[in-house]
Every structure is written in structure tokens, then in C-alpha cells.
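The values are calculated or read from the model by the stated rules, or taken from the named source; none is laboratory data. Bear in mind that the values here come from a model prediction, so they are computed numbers and not experimental data. Neighbour counts run over all protein chains shown; Cβ positions are idealised from the backbone, glycine included. We work out accessible area using only protein heavy atoms, side chains counted, and drop any ligands, DNA or RNA first. Shrake-Rupley method; radii C 1.70, N 1.55, O 1.52, S 1.80 Å.
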Amino acid sequence: HDRAIRRALVASQLGTMALGSVVGVAVALAFGVLHPVGCLLFAVAISLWLLEETGRRIMSARLEFGRLIVNDAVYVVASLAAVIALRMVFGHFSVEILIGAIACGALAAIVAAQVQLPAEELQLVAPGTEALGEVAEFSSWRAMQVAIRPLALLILRFLVVTLASKAALATVEAGRLMMAPAITFISGAGTFLLPFFAHSFKSRRREFSERMVTVAMVGMVGMYTIVAVLLRSRLAPLLTDGKVPVGVLVLLSWAVFTAAYGAGLPAGASLAARRESRLVFMVRVGDSLLGTAVAAAMIVLWHPEAGPLGLGIGLTIGACVLTVLVERANRSAGTVDDEEELALEGQALAMLEEAPLIGRVRIRRRQTPVDGSA
């Protein structure tokens, strides 16, 4: 709750809302999908959504996931209710009605966050720039590293279409849909890891290590993959209406990608919580470039359905690098903690020895005999 940081966060929030609204309106006008009034409504919806998302981030940082679920439920219910109400008022559906419903849902979620969050999180401060550089340094690297995986998947789709065919892309996407529950779980869990590790480091209480979280996430992917492979003959027709075949290779390819993606998240979040976002970004850029190169080779030399496997190989190497880095950081942190504890113990003993003693009781340091006996 550093005041300079809070002032910088407020300035960043206002700047993001303004920039998001301007860019959103510009894109809407460029594609001609909205009228001027609709563009204004779109700008309002973007600003409200960004403000609502800030409340969600605060709850995540406080590890108050129960309240976060309540907030999201309010958003969904209010948006659906607004769609129904606006449809009844205007007598038709339109893009503007959908945008208005989203704005209503975001506004309801903002009110819910105001009710749920403690007063200390809602204190208003004037925007300031004295700590804006520190905030921007962390957030910019963090934002760029989060965008790497979607960009890598976009490049993978381009490679499949270019080096194979659109039909091959349909098969690859069908496999992704069957693995979507596991991918969604990994992505969702990843958003909670950063505040989890940040809180652990702040409180110096490590309930779960990065390795334990990694094993749990990869294990979940493995169990779901077994189910998806065994039930693919029944699930695939439901997703593709029987028009696109889904083989074992494409499912296993996406399974390797998802497991590798999940394996790198705990270590990456742990390093980011130590303010090493730039290092994580560089590793993820490297493993994505390697993965896309391997994917291109597999598409050409083996099979288009092996494209996600190639990307997963790159991500696996990146996850190993991040794990080595975080293990090294943990050892360094443990050494520092031990040195601090010994220094504090020595200071305390020195103060006790110099203090007046009652009944001529002298407190002495425990010494280990030379012969090693207790």
C-alpha cells in the first residue's frame, strides 16, 4: 500500500482506460461495424470493463477467490439480464444492445467489488508519476510475456495452413477443441499463480513449492488426455458433427503442448513474483521461436497434426530452463534467509549478554565442544 505506487497505479489505470477506449473506437470505425452512437457506447463499455477487471485483479492479489467467483457471477447474471431487458425494450437484437449489456454487467461487477473489498483497497488517491517507471517496468514485461503464447499459436495456425492445407488446420483445431478443458484449466490456474507466489514470498510461508504445483498441473493434463483418447470416438462427432476426423496423434500433440505450457507456469510466476519478468519474457520468446521452428519441420517432414507437438517441445525446453532458474533463486533465497536468521540471533544474544542480569544469571552462547560431544 505504498502511496507512490498507488498513485502510479491510478495514473496507469486512467491511461489504460483512455487508450483502450480510443483504440476500440478507432477499430470499430475502421471496420464500419458501429454507428457513432454505438462507438461512444463501445468506449464506455471498454472503460467499465477495464475498471471491473481491476477489481478482479485486486481480489486475486488478496487470494480472495471466493469473492472473485461472486464478482464474476454478478457480471454474468447482470449481462444476461440486460440482454433480455434491452431486447424487450427495443424489440430486436443488435451489436449495440450486446455492447450495452456488457457495459451493464461490468457496472454491476464494479458495484459488487466495491461492496466486497475492504476500505483500505478503495481509498482514493490522486494520480501521480513518481513511481510510474517502476510500475511500468514490471507490468510491461509481464504483459508482453502473457501475449507470447497466443502469438505462438497464431503462428502455428499460419504454418499449418501454409505448409499443409486448410483441411489440416480444421483437424488440428478439432483436436484443440477436444483438449480445451485441460487448456482452459491450465490457463485459468496460471492467472492465480503470480499472486499466490507473491503472497508466499511476502509472508515467508511456502505451502506448496513450484515443483509440487508443476507435478499437479502436468498430472491433471495427463489424466484428462487419457479420458479424451478413450472417448474420442464419441466426443469428436459432437464437436465436429462428424465432418472432421480427430485422431490420436493430434490429441497427443495438444496434450504435450498443454503439459509443457502448464509445466512452465509455476516457475515463471515464481520468478515474476521476484520481479524477474524480463528474464521470464526472454526465456519464453526463446522457447516459442524454437517451438515454431520444430513445429514447421514436423509439419513438413512428418504430419500436420504434429505441429502442436513441435511447439510443445520448445515449451518443454523453456519450462526446464525456468525450473533451473527458479531452483537457483530458491537456493540463493534460502542462503540469505539463513544468514539473516543467524545475524539476528547473534544480535539478540549480544543484547542479552549486555543487559542487567537478575540474580547474577549469565546468559552465554551455546558452544559445541571440540570433541563433538553434546
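Filter the stretch 296-312 down to the residues that are assigned to a helix (DSSP H, G or I) and open to solvent by 30 Å² or more (accessible area, probe 1.4 Å), then identify the one that is nearest to Ile183 (Cα to Cα). The extreme case among them is Leu309. Counting only helices (runs of 4 or more DSSP H) that fall entirely inside the stretch 208-275 and contain at least 1 residues that are touching a residue at least 12 places away in the same chain (Cβ under 8 Å) and under 18 Å from Glu327 (Cβ atoms), the qualifying elements are 210-230, 248-273.
Give the residue that is farthest from Gly247 (Cα to Cα), with candidates limited to residues of the stretch 209-226 that are of a type in the set (A, V, I, L, M, F, W, C) and surrounded by fewer than 15 Cβ atoms within 10 Å (Cβ to Cβ).
Pass one, the stretch 209-226, residues of a type in the set (A, V, I, L, M, F, W, C): 212-213, 215-218, 220-221, 223, 226.
From what's left, surrounded by fewer than 15 Cβ atoms within 10 Å (Cβ to Cβ): 212, 215-216, 223, 226.
On the way: Met212: 32, Val215: 27, Ala216: 26, Met223: 18, Ile226: 13 Å.
Going through the qualifying residues, I end up with Met212.
Each row is one residue, and each column tells you yes or no for (1) farther than 17 Å from Ala143 by Cα; (2) among the polar types (S, T, N, Q); (3) at pLDDT 90 or above.
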site	(1), (2), (3)
His1	yes, no, no
Phe31	yes, no, no
Trp49	yes, no, yes
Glu52	yes, no, yes
Ile58	no, no, no
Phe65	yes, no, no
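The C-beta contact set for the stretch 280-308 (first residue free of Cβ contacts under 8 Å to residues at least 24 places away in the same chain, second residue part of a helix (DSSP H, G or I), distance under 6 angstrom, 6+ apart or interchain) comprises Val294/Gly310; Val294/Ile313; Val294/Gly314; Met298/Ala306; Met298/Gly310. For the stretch 150-163, the criterion of being farther than 30 Å from Ala216 by Cα, open to solvent by 40 Å² or more (accessible area, probe 1.4 Å) and either of a type outside the set (Val, Ile, Thr) or not in a helix (DSSP H, G or I) (or both) is met by at least one residue.
Scanning the stretch 171-208 for residues that are open to solvent by 40 Å² or more (accessible area, probe 1.4 Å), over 14 Å from the mean Cα position of the chain (by Cα) and small (Gly, Ala, Ser) yields a single hit, Ser203.
Pairs linking a residue in the stretch 15-28 that is at negative phi to a residue that is loosely packed, with under 13 Cβ neighbours inside 10 Å, with Cβ atoms under 9 Å and 6 or more positions apart or on different chains, are Val27/Val33.
As for the stretch 318-333, it holds at least one residue that is open to solvent by 50 Å² or more (accessible area, probe 1.4 Å), in a helix (DSSP H, G or I), more than 28 Å from Ala164 (Cα to Cα) and of a type in the set (Gly, Ala, Ser).
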